[in-house]
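Read-outs throughout are calculated quantities, based only on the coordinates presented, and are distinct from any laboratory measurement. On a predicted model such as this, the values are computed, not experimentally measured, just so you know. Cβ coordinates were reconstructed from backbone atoms using ideal geometry, including for glycine residues, and neighbour counts include every protein chain displayed.
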Ligand SMILES: Cc1cc2nc3c(=O)[nH]c(=O)nc-3n(C[C@H](O)[C@H](O)[C@H](O)COP(=O)(O)OP(=O)(O)OC[C@H]3O[C@@H](n4cnc5c(N)ncnc54)[C@H](O)[C@@H]3O)c2cc1C
């Protein structure tokens, strides 16, 4: 590890004022410190922002379902909050499906959103990776590369990596708004929209500019259909815990009288460089009758542009089956999907 300076910022303005090139903000450190040990990240200054950004989940008395989640809030506290469980059970589910209890007790909301990819070539400094070393290419394009857990949607020659956060997939389906503050002032970024596809700048995971700090994540019933619409987060992984998603889905569906779908919200994880909002599937579902055939049709509409790599073709079928099974579960009376208010 290279030597670095450490400072604790007192508030967001202090953190931003201390920022300069070579600085990294520090949340719980569960990802950044690992990357420093691996030699993937080498900041010369860490600014601890756990006491500088907002901490806790806040509700407004007359607006049930509008939540403000501070960036310094620990993942386990968000998952356990009664308002999150009542109004956004898919978010609670997504959080508890990630990492381990100990890591969730340390990890913050800001750090979770900005954690880096688990692509094996990004984490191995002996391999080419344009995300780690801009312009150095992408080892995943080499013949025989390990692509099993890489992207099937939105990837290109510059980068085949996937985004790792479960929480971000739920926030993408829920249409959250991320409040940031930075050298140029404050702004709000809708999700999807925070994370980006690799394009010509695979080194940029998000649209954040240098020095911008996440302060709060807002969830609003205006951007989402609140309860009694049923929600679920399902994740397929290699082990039952402590494993990132091969594919995950965050889903909510509103079925009206006569079995017609009013609206649906869907996002996929483990398939792209960003959490993948399923606009094609949502459009295919709106107005259709809730049936397995409609769910399969919607999944096919979403996955038609998929371009699997040699070695991860299985993800297309997995994503199709996961979307279909999750939606079926949500519309089945007494199905296993979580009802609002139930403990995740
Ligand atoms: C063994 C293991 C298994 C895991 N499994 C999963 C899993 O299944 N699903 C999952 O989603 N995650 C998983 N994780 C990842 C874990 O969720 C992240 O490490 C954690 O959420 C990061 O939060 P942190 O506060 O520790 O971030 P840090 O490590 O402190 O920071 C991460 C990044 O965010 C930046 N940052 C932090 N806070 C802010 C802020 N407020 N504003 C701007 N930038 C900021 C940092 O500069 C850094 O670039 C796993 C981690 C481990 C070690």
Fill in: C-alpha center-to-center spacing [the stretch 1-44, the stretch 112-185] in angstrom
20
Response to the item:
With Rg from the Cα atoms and Rh as the Kirkwood inverse mean 1/r over Cα pairs, the stretch 133-197 has an Rg/Rh of 1.08
Worksheet item: How long is the gain from residue 240 to residue 2 if the chain were fully straight, where each residue apart is worth 0.36 nm and the alpha carbon distance is subtracted?
Response: 82.1 nm
Worksheet item: For the stretch 66-123, which semi-axes, largest first and in whole Å, follow from the square roots of 5 times the eigenvalues of its Cα gyration tensor?
Response: 22, 12, 11
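Short version: what are the Cα gyration tensor semi-axes of the stretch 230-331, square root of 5 times each eigenvalue, largest first, in whole Å? Numbers along the way, then the final one.
Details: eigenvalues 111, 44, 23 Å².
Sorted largest first and rounded, they come to 24, 15, 11 Å.
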Worksheet item: To the nearest 500 deg cm²/dmol, what mean residue ellipticity at 222 nm is calculated for the chain from DSSP H runs of n ≥ 4 alone, each contributing -39,500 (n - 2.57), summed and divided by the residues?
Response: -7500 deg cm²/dmol
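Working out 0.36 nm times the residue gap between residue 118 and residue 207, then minus their Cα-Cα distance, what length gain in nm do you get to one decimal?
Working: separation 89, 0.36 × 89 = 32.04 nm, distance 1.95 nm.
Gain on stretching residue 118 to residue 207: 30.1 nm.
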Practice prompt. Would you mind checking the stretch 166-192 for residues with the amide N under 13 Å from a putative spin-label position 7 Å along Cα→C-beta of residue 222?
Written response: 177
Worksheet item: Normalised by the number of residues in the chain, what is the relative contact order in percent for Cα pairs under 8 Å and 6+ residues apart?
Response: 18
Item to complete: With a 10 Å radius around each residue's Cβ, average the other Cβ atoms per peptide and rank 91-98, 118-125, 306-313, highest first.
Response: 91-98, 118-125, 306-313
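Kindly rank 162-171, 27-36 from highest to lowest mean number of other beta carbons found within 10 Å of each residue. Walk me through the numbers on the way to the answer.
Details: 162-171: 28.1, 27-36: 19.1.
Highest mean packing first, the order is 162-171, 27-36.
Would you kindly work out the equivalent ellipsoid of the chain from its C-alpha gyration tensor and give its semi-axes, the square roots of five times the eigenvalues, largest first in whole Å?
Equivalent ellipsoid semi-axes, largest first: 32, 26, 16 Å.
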